[in-house]
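Shown next, in structure tokens, is the structure this report addresses.
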Amino acid sequence: MGDVDVLVVGAGPVGLTAACELRRRGVRCRTVDRLPAPQPFAKAVGIQPRTLEIWDLMGVARQVLEAAAPFRGQLIYVNGAEQARIEMTLPPDVPYRFAALPQYATERILAERLACWGTDVERGTELVGFEQDADEVRACLALPSGAQEWIRTRFLLGCDGAHSLVRTALGLSFEGGSFPEEYMLGDVEVDWELPHGYAVRAMHQTDGRTDDLLVCIPLPGRNRYRMSMLVPPELSLSPQPREGDVAHGLEAGPAPGLPHIQAVLDRLSPQPTRASSLRWSSVFRISHRLVDRYGAGRVFVAGDAAHIHPPTGAQGMNTGIQDAYNLAWKVALAVRSDASDGLLGSYHAERHPVGEEVVRRTVRHAGSGVQADPDDPSTVIRREAQLLVGYRGSPIVGPDRQPPEGPAAGDRAPDCDGLRHDLTTFPSRLFDLLRGPDHTLLLYADDAAQLAPYEEMVASARRGAHGQLRAWVVAAPHLPADGLALPVVHDGLDAFRKVYGARGGEGFLIRPDGYLGLREAPVSATGLRAHLALTFRG
């Protein structure tokens, strides 16, 4: 029986994110997947700006930018006439835009990153059972040779998809239902002259009811799209799913061919066009379900193992990646015995409400489309970009007080530009200071008197964080900070003060997942230590 700190089950984008973040923190982990090879399918293709921010902090943003294509907006047609053009524009404080990237490329990039830490995915290796007690999990793996291996692990992460064995074995409920419609997917090229980078949603409606549908998501390449549409009768799979069945994802059975896709394009395409270069196709069904708990004991679920819903707005994979990003740093602290008693419980407290909101919203949008959302368009876009996900009220987040300006504790820590370091001739972004596995303390100063207690305050905070905290002084443009034994950047464009609503002497503690854990004005050693005790053991 082997020993490992964490066993990650599933090597899709969610499991690979968790494994990368664990290995980045020095955690010994194994990542297993029952499939003998990665799937070459462009299943989840929409990449949200928040996911790109996460990949920036993980160190893979450059590889993604090399492989991805811009996703500029959506064109909506009803009965052949253009009804709307949605532009996916975001304010300048958001460093990344919407993108399209086939899932197989996402998995390749993350697997290569994982390999940099000396860890490869163990393919053809399936979890067949586990048991746990207060101290460990004992898991049984079926190996490619046909033999079985029992391993001991401190924690087990179930990132094993909609049909998760981990979820089932834990006895978690997975309440929801299935949509009656069947769909087909196809990865094709077309020769139309519609604007590049725009999704196309074309519907036929009778008496206001949609009875035919075509959705085309742009992919890297010239006029290449992942298209989804209703299944014709000859490809229909089976009777409706039984109550309790999880009918979600790609299905075995006859695959659509180019003639099936061309027939839909002939009916619904805004311009006459011919489909070609079919890379892959499949039939799929959609369900909407959510677990009652995101874990039990030393075992947790993330991604499709915890929540499934319509693909509207490309929320599924991106939400799962955020699950894994939220969970991994907490598990790493627990592996090192540095975690407070309540830290692992905060995973469910923070992520279950997010999953609940995403399932509810995507089910609502599935019938009417994102464009029918009643909220202000700028709010809709920021929410679809997952920039509004937050953890106010979390048991490990500071007091839920709305500051006069800027983000509150529990909100995403926004980026800003124009920070200047004495050793560089070019400006830096705030995200440049946040890359790393630890908490980051930002101390704002606009008066020299505020600098005096900072060194002792940081030393105290580092002790409370078991050394896992970095600190920067963000000084107003005019303020000299020579001779300070802490790293300093100047807020050269006054952008940090404006974006964060920073006041002189205020401190901002940013968690490893890029969320604001605490903001305190004036910042104090006592306040920092009390807050850190919510995350770190005493």
(Q) Residues to consider are 438, 446, 375, 400; find the one that is at pLDDT 95 or above and open to solvent by 40 Å² or more (accessible area, probe 1.4 Å). (A) 446
Q: Being of a type outside the set (A, V, I, L, M, F, W, C) and in contact with a helix residue (DSSP H, G or I) (Cβ under 6 Å, 6 or more places away or on another chain) narrows it down to one of 399, 414, 427, so name that one.
A: 414
Q.
Which residue is modelled with the highest pLDDT, if the candidates are limited to the range 215-249 and must be among the charged types (D, E, K, R) and surrounded by 11 or more Cβ atoms within 10 Å (Cβ to Cβ)?
A. 224
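Quick one: which residue in 160, 212, 187 is touching a His at 6+ places or on another chain (Cβ under 6 Å) and either among the acidic types (Asp, Glu) or within 27 Å of residue 358 (Cα to Cα) (or both)?
212
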Q. Scanning the range 290-307 for residues that are of a type in the set (D, E, K, R) and more than 12 Å from residue 352 (Cα to Cα), which turns out farthest from the chain's Cα centre (by Cα)?
A. 298
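Residue by residue, here is whether (1) outside any loop (DSSP other than H, G, I, E, B); (2) under 25 Å from residue 330 (Cβ atoms); (3) among the hydroxyl-bearing types (Ser, Thr, Tyr) holds:
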residue: 450; (1), (2), (3): yes, no, no
residue: 458; (1), (2), (3): yes, yes, no
residue: 463; (1), (2), (3): yes, yes, no
residue: 493; (1), (2), (3): no, no, no
residue: 498; (1), (2), (3): yes, no, no
residue: 502; (1), (2), (3): no, no, no
residue: 509; (1), (2), (3): yes, yes, no
Q) Pairs under 9 Å by beta carbon, first residue over 11 Å from residue 118 (Cα atoms) in the range 23-34, partner of a type in the set (Phe, Trp, Tyr) and open to solvent by less than 10 Å² (accessible area, probe 1.4 Å), six or more apart or different chains? A) 25/329
Q: Identify all residues within the range 68-90 that are touching a helix residue (DSSP H, G or I) at 6+ places or on another chain (Cβ under 9 Å) and either without any contact (Cβ under 8 Å) to a residue 60 or more places away in the chain or crowded, with 16+ Cβ neighbours inside 10 Å (or both); write none if there are none.
A: 68, 74, 76, 77, 83, 86, 87, 88, 90
Q: Tell me, yes or no, whether the range 413-430 has at least one residue that is among the charged types (D, E, K, R), over 25 Å from residue 482 (Cα atoms) and open to solvent by 20 Å² or more (accessible area, probe 1.4 Å).
A: no
Q | Hey, residue 334 in a helix (DSSP H, G or I), among the small types (Gly, Ala, Ser), modelled with pLDDT of 90 or more and over 20 Å from the mean Cα position of the chain (by Cα) or not | A | yes
Q. When you go through 106, 210, 206, 168 one by one, which is the residue that is in contact with a helix residue (DSSP H, G or I) (Cβ under 7 Å, 6 or more places away or on another chain), among the hydroxyl-bearing types (Ser, Thr, Tyr) and more than 19 Å from residue 5 (Cα to Cα)?
A. 106
Q. Any residue at all in the range 494-506 that is open to solvent by less than 40 Å² (accessible area, probe 1.4 Å), small (Gly, Ala, Ser), touching a residue at least 24 places away in the same chain (Cβ under 8 Å) and within 20 Å of residue 338 (Cα to Cα)?
A. no
Q: Considering each of 187, 212 in turn, give the residue that is open to solvent by less than 30 Å² (accessible area, probe 1.4 Å), part of a strand (DSSP E or B), over 18 Å from residue 255 (Cα atoms) and not β-branched (Val, Ile, Thr).
A: 212
Q: List every residue pair whose Cβ atoms lie under 7 Å apart, where the two residues are 6 or more positions apart in sequence or sit on different chains, the first residue falls within the range 456-478 and is within 15 Å of residue 518 (Cα to Cα), and the second residue, located anywhere, is modelled with pLDDT under 95 and among the small types (Gly, Ala, Ser).
A: 470/436
Q: Considering every residue within the range 458-476, establish whether at least one is small (Gly, Ala, Ser) and touching a Phe, Trp or Tyr at 6+ places or on another chain (Cβ under 7 Å).
A: yes
(Q) Looking at 303, 257, 295 in this structure, which one is farther than 22 Å from residue 77 by Cα, modelled with pLDDT of 80 or more, touching a Cys at 6+ places or on another chain (Cβ under 9 Å) and of a type outside the set (Phe, Trp, Tyr)? (A) 303
(Q) I'd like the residue in the range 270-289 that is open to solvent by 30 Å² or more (accessible area, probe 1.4 Å) and touching a Gly at 6+ places or on another chain (Cβ under 8 Å) and, out of all such residues, is farthest from residue 154 (Cα to Cα). (A) 270
Q: Look at the range 522-538 and say how many of its residues are out of contact with any strand residue (DSSP E or B) (no Cβ under 7 Å at 6 or more places or on another chain), open to solvent by 10 Å² or more (accessible area, probe 1.4 Å) and at pLDDT 95 or above.
A: 8
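The values are calculated or read from the model by the stated rules, or taken from the named source; none is laboratory data. On a predicted model such as this, the values are computed, not experimentally measured, just so you know. With ideal geometry, Cβ positions are generated from the backbone for all residues, glycine too; neighbour counts draw on all protein chains shown. Surface accessibility is based on the protein's heavy atoms, side chains included, excluding ligands, DNA and RNA. Shrake-Rupley method; radii C 1.70, N 1.55, O 1.52, S 1.80 Å.
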